[in-house]
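Below: one structure, written as structure tokens.
The values are calculated or read from the model by the stated rules, or taken from the named source; none is laboratory data. Bear in mind that the values here come from a model prediction, so they are computed numbers and not experimental data. All Cβ positions, even for glycine, are placed from backbone atoms using ideal geometry, and neighbour counts span all protein chains on display.
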Amino acid sequence: MLDLIIRNGEVVTPQGVGRWSVGIDGERIAYVGIDDPSIAAGRTIDARGKIVVPGGIEPHAHLDIFDLTNPDSGKSTLGPEEDTRGMAFGGTTTHLDFCFVEPSMEMTRAVEERIARWKSNSFVDYSFHIGLLGALPLRVFDQIGELIKQGFPSFKVFTTDVLPPHPKRPRLRLDFGRIQLAMEKVAKNDGIMVVHAEDDDLVQFNYERFAHEGRTEGANLHLVHTKLSECLAFERVIRLARDAGSAVYFVHTSALEGVEAVVEARGHGLPVYCETLHHYALFSAEDYKKPRGFCYHTYPSLKYPEDQRALWQGLISDGVSTTATDEFPTTLEHKLLGTRIDNVTGGNLGAEARMGIIYTEGVVKRGMTLQRFAEVTSTNAARILGLYPRKGVIAPGSDADLVVLDPAIKKTLTREDFHVSDYSPWEGWRVEGWPLITILRGKVIVDHGQLLGRLGDGQLIPRKIDPVILRRPAS
Ligand SMILES: [Zn+2]
């Protein structure tokens, strides 16, 4: 007898979408197919009129991390115990956070500390990208192969410090020599580069110039972190990666130019992928002028309507593989602390809304297929970042991470729809379709607005990337 069976739902699989049953035995999916009434289960969920998709994967979160935009405030983001509650409600069953390694740190020690921080403190499954920051000693790079073997195959680098050097902040940028070295090590050991790509010369010069001209109000962020900066950096990173034979995953792609660079590289058969944020696809630089406008900001910056169109085009057809949040959960007061181009709080609060927003704006409003919806919210992140086929797909043998989404829920989101912090940038947004039931490895963790999961349900998931992903654009 199975433990759980979901009957009568529209089940979204890579082979198609159909009115199938999903049977669950323990933590895994045991059966997907035409309903067989003779199959008995401990519990039955009737999903008539609902859509059953793989549990969401949030590929880009920063929980419990020091806020570098306002270093003097001493503030950090909320931790996994708080933010992953929202992920559970929003249909996200796995997230990828970061373990940043600075020159003064030992890489393995840094990873151990991050793992210890999450243990027993997450409602959903997790792993970490390894972030390489600043002028790291070259011996640190020799540990990349070992980390990949231990199940951490993605390495994040910044091509820019993002913000100007004052007030004093740790350096984020790696020089291109060190990025090249990381790429060589990553390529050799079947890992992938995760890149925040902006042209540091242009960004830093723009800060200097705007300060000189007295144009430091935050509504100018898109003129400092520009489309051209994204264009130059994406192209330079792609050229470097081509030489090193490395796969690349660009985080928070914000501009038409970024999408074009990725599409062109993929056209040449290079293993280049990018994510965008639902914030970037749905807000523009005009929104900075609104009373709570900086709620929508994430570095690099919000851009223009033509960029939003390109991001949607990439999401719906090809070129933009995943949707992420750059989750940076803070209070509203913290998010609105800075109002200048050099101190608006970065990151965003939106992992809880991600699945529902992409369903509404992609599937309902823009004709995205249900299969593509599953790809950009789950499957592609799983494949590119090494969680597949354990995660990201409804198939026998895979973890029973599932979301029952109700397309009949039509509402304007209010504060009460959210379960993290004291605000959401998505308050006031109209949605059609919202997650109703979230299942993590066979356990129902959220059911019709009720949290049934517990801290500690979430586990560290070791990752390994399919070599096909690393050789050609395969997701
Ligand atoms: Zn980030």
Open item on the list: Can you go through Thr360, Thr377, Thr339 and tell me which one is closer than 25 Å to Met193 by Cα, of a type in the set (Val, Ile, Thr) and touching a residue at least 40 places away in the same chain (Cβ under 8 Å)?
Closed with: Thr377
Open item on the list: Among the listed residues Arg242, Arg236, identify the single one that is in contact (Cβ under 8 Å) with a residue 60 or more places away in the chain, of a type in the set (Lys, Arg) and crowded, with 16+ Cβ neighbours inside 10 Å.
Closed with: Arg236
Open item on the list: I need the full set of residues from the stretch 252-288 which are of a type in the set (A, V, I, L, M), in a loop (DSSP other than H, G, I, E, B) and within 21 Å of Thr298 (Cα to Cα), in order please.
Closed with: Ala255
Open item on the list: Every residue in the stretch 335-375 that is within 16 Å of the ligand (Cβ to nearest atom) and not aliphatic (A, V, I, L, M), please.
Closed with: Lys335, Thr345, Gly346, Gly347, Asn348, Gly350, Arg354
Task: Residue check for Ser398: polar (S, T, N, Q) and either within 18 Å of Ala88 (Cβ to Cβ) or within 17 Å of the chain's Cα centre (by Cα) (or both) - done: no
Open item on the list: Please go through the stretch 466-475 and give me each residue that is touching a Lys or Arg at 6+ places or on another chain (Cβ under 8 Å) and either in a loop (DSSP other than H, G, I, E, B) or in the same structural domain as Gly319 (by TED's automatic domain parsing) (or both), ordered by number.
Closed with: Asp466, Pro473, Ala474, Ser475
TODO: Go through the stretch 285-334 and give me each residue that's among the aromatic types (Phe, Trp, Tyr) and within 16 Å of the ligand (Cβ to nearest atom).
DONE: Tyr296, Tyr299, Phe328
Open item on the list: As an exercise: evaluate Thr323 against (1) touching a residue at least 60 places away in the same chain (Cβ under 8 Å); (2) within 24 Å of Phe128 (Cα to Cα) and give the number of the one condition it does not meet.
Closed with: (1)
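Results for (1) buried (at least 24 other Cβ atoms within 10 Å of the Cβ); (2) hydrophobic (A, V, I, L, M, F, W, C), shown as yes or no for each residue.
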site	(1), (2)
Pro291	no, no
His297	yes, no
Leu315	yes, yes
Thr323	yes, no
Leu336	no, yes
Glu352	yes, no
Glu361	no, no
Ser378	yes, no
Ala381	yes, yes
Task: Residue list for the stretch 196-236, restricted to those being touching a Ser or Thr at 6+ places or on another chain (Cβ under 6 Å), in a helix (DSSP H, G or I) and within 16 Å of the ligand (Cβ to nearest atom) - done: Val203, Leu221, Ala233
- [ ] Could you tell me whether the stretch 123-135 includes any residue that is over 13 Å from the mean Cα position of the chain (by Cα), more than 16 Å from the ligand (Cβ to nearest atom), part of a strand (DSSP E or B) and surrounded by 16 or more Cβ atoms within 10 Å (Cβ to Cβ)?
- [x] yes
Task: strands (runs of 3 or more DSSP E) wholly inside the stretch 1-115 that include at least 1 residues being within 25 Å of the chain's Cα centre (by Cα), within 16 Å of the ligand (Cβ to nearest atom) and buried (at least 18 other Cβ atoms within 10 Å of the Cβ) - done: 56-58, 92-101
Open item on the list: Given the criterion in contact with a Phe, Trp or Tyr (Cβ under 6 Å, 6 or more places away or on another chain) and assigned by TED's automatic domain parsing to the domain that holds Gly319, identify the matching residue among Tyr249, Tyr207.
Closed with: Tyr249
Task: Conditions (1) touching a residue at least 24 places away in the same chain (Cβ under 8 Å); (2) in a loop (DSSP other than H, G, I, E, B): number failed by Pro291 - done: (1)
